[in-house]
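Working notes, beginning with the structure itself.
Computed from the coordinates by the stated procedures, all read-outs in this text should not be read as laboratory data. Since this is a predicted model, take the numbers as computed values, not measurements. Every residue, glycine among them, receives a Cβ derived from its backbone with ideal geometry; neighbour counts consider all protein chains shown.
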């Protein structure tokens, strides 16, 4: 009988579109959900949007929209992004849904014996939408957002959190798997032992939220509202049979900055309501961009679609699960992303698939017999060892270790080709040739099945080239990964396009400078400092908002192009000498040669970002970045409609 596996992620504020830090959590949870499906488990994966937030209300008002209509629009935005990133949730919950509101009201009626009216006076971070104690602050500021919290005074309702300190400690100590990784557990134990205070659970003065059942003049505090989605999403308060089937959650996957809510407040609420606690709460690390924490409020963001659009979602998913130890922080840089992509995906796996399918086509007419029974010990025994290790790693929430094991088999299969030399065997030893190529194809099949939870799209494409379809859970994993167990008597192979196409520096410069995210990519490295900046607005109209102060930090100036020449050995790059007024002359590289021949650029006045950090493209330092509009494959430079001198400011 299949085991039940219920997994959740934190639900997201919809005041702006997701960035790569948000995607990291959803992708990792999806990897675990897919692996349990592969094992044949009965899986339910819940995620969704947190809509009763004052930040969301402000975002709606800034757009002149009704908040419900705004949330409807943002649901479409989020769903498109998660679909693009191959996130396979079973339910997408919204906190404005009637079933959630009904379940939340049911929970609060169960908590009434631990709720009382009182006055709150203290620090409140509007970005976190969280109450902070003095000891939480760093130099008087929120430790997450670096902003000074507001001081608020209001009458509202409190939950007797302090009452549950001893029960929480006892539960954590009796259930070592309850909080993971160990570092998160130690933080929570220290917090509880330092003393818990009762918490405010309602807000006054707003009607954007769920009214408190015992006093409809107050709305339920957004964090309490959000936490409850984990039970309302599987029927609490509206479908008892569904709730009995799925609860308790097997794991809540959350960011390390919200462990206090999930590991202290949430289990205390459940204890008060007489509801069983989740089995595990896993607090993963942050994603940093060159060492700086990603933060929508501070403008440090990486759009996950930039990598997914260029390299495909599987490559992004692979990098995030392979780079660093899950549970710790991950540093995202375009340089390291490119290294992983080139060496491990394009060269190791992509080249293995390409060589194997090409040789079967060339030497055996595209067909090979299933010769599992006559395989040697080396590859089958390694595959069995890898399979066991990967299963243990995935069940322990260690995808980075699982992928490292899988790549042992990838590299061994590549080495096996070099050792056996099929191109030599093709000249006179067909029997050995067929055996060698079968063994390589079977190693690829094993790698692909084991990697599917991380890279579903690419793995399904590889299996298609091997003449196989894939429905996880339909075949027991022991049979699916038995050596030779996935084939019929004959294997028919079709060589397709490169699974992981290779890109040149020029391709990357043109893509990230001209098509999307130029300023971020240029600062990161692969795009360089030159190139044209396109509008970063995504499909559906969503865009990352910046403050006026952030905009003012850009030094936009008019520049006159004095010299221009195509960069030798490239098709898109142009090296220009530009005049920014006074004695300020610089060189700049941009990927615009296909739209503007170098000779036509000389004498033009353009707009550039003059204070962008210099970067090298093809070994040439680029000391500014030009602006351009891009649409329907066409590129147009941004130029003034009046004759103004170089160095004139643009605002």
Whether the stretch 4-301 is rounded, prolate or oblate, judged on the alpha carbon gyration tensor where a/c under 1.5 counts as rounded = rounded
Dimensions (Å) - the chain, Cα atoms, principal axes, largest first = 85, 78, 39
Gain on full stretching of the segment that runs from residue 163 to residue 395 - 0.36 nm per residue minus C-alpha separation = 80.1 nm
Residues in the stretch 608-630 that a label on residue 584 would reach, taking backbone N under 12 Å of a point 7 Å out along Cα→Cβ | 608-612, 624-625
Residue 121 versus residue 604, label points 7 Å from Cα toward the beta carbon: distance in nm?
-> 6.4 nm
On full extension of the chain, what length is gained from residue 498 through residue 421, given 0.36 nm per residue of separation minus the C-alpha to C-alpha distance?
-> 25.5 nm
1/(1 + (r/R0)^6) with r = Cβ-Cβ of residue 639 and residue 616, R0 = 30 Å, i.e. FRET efficiency to nearest 0.05, evaluates to 0.65
Sorted by Cβ neighbour density within 10 Å, fewest at the top, the residues 606, 192 = 192, 606
Centroid-to-centroid separation of the stretch 566-643 and the stretch 156-212 [C-alpha atoms, Å] = 55 Å
Calculated FRET value between residue 217 and residue 276, using beta carbons and R₀ = 25 Å, to 0.05 = 0.15
Give, in nm to one decimal, the length gained when the segment between residue 65 and residue 245 is fully stretched (0.36 nm per residue of separation minus the Cα-Cα distance).
-> 60.9 nm
Between residue 186 and residue 412, take the C-beta separation as r, use R0 = 35 Å, and let me know the FRET efficiency to the nearest 0.05.
-> 0.35
Which order results if 183, 401 are arranged by neighbouring Cβ count within 10 Å, fewest first?
-> 183, 401
Across the alpha-carbon set of the stretch 160-264, Rg over Rh with Rh taken as the Kirkwood radius works out to 1.00
Cα centroids of the stretch 249-280 and the stretch 403-437: how far apart, whole angstrom?
-> 50 Å
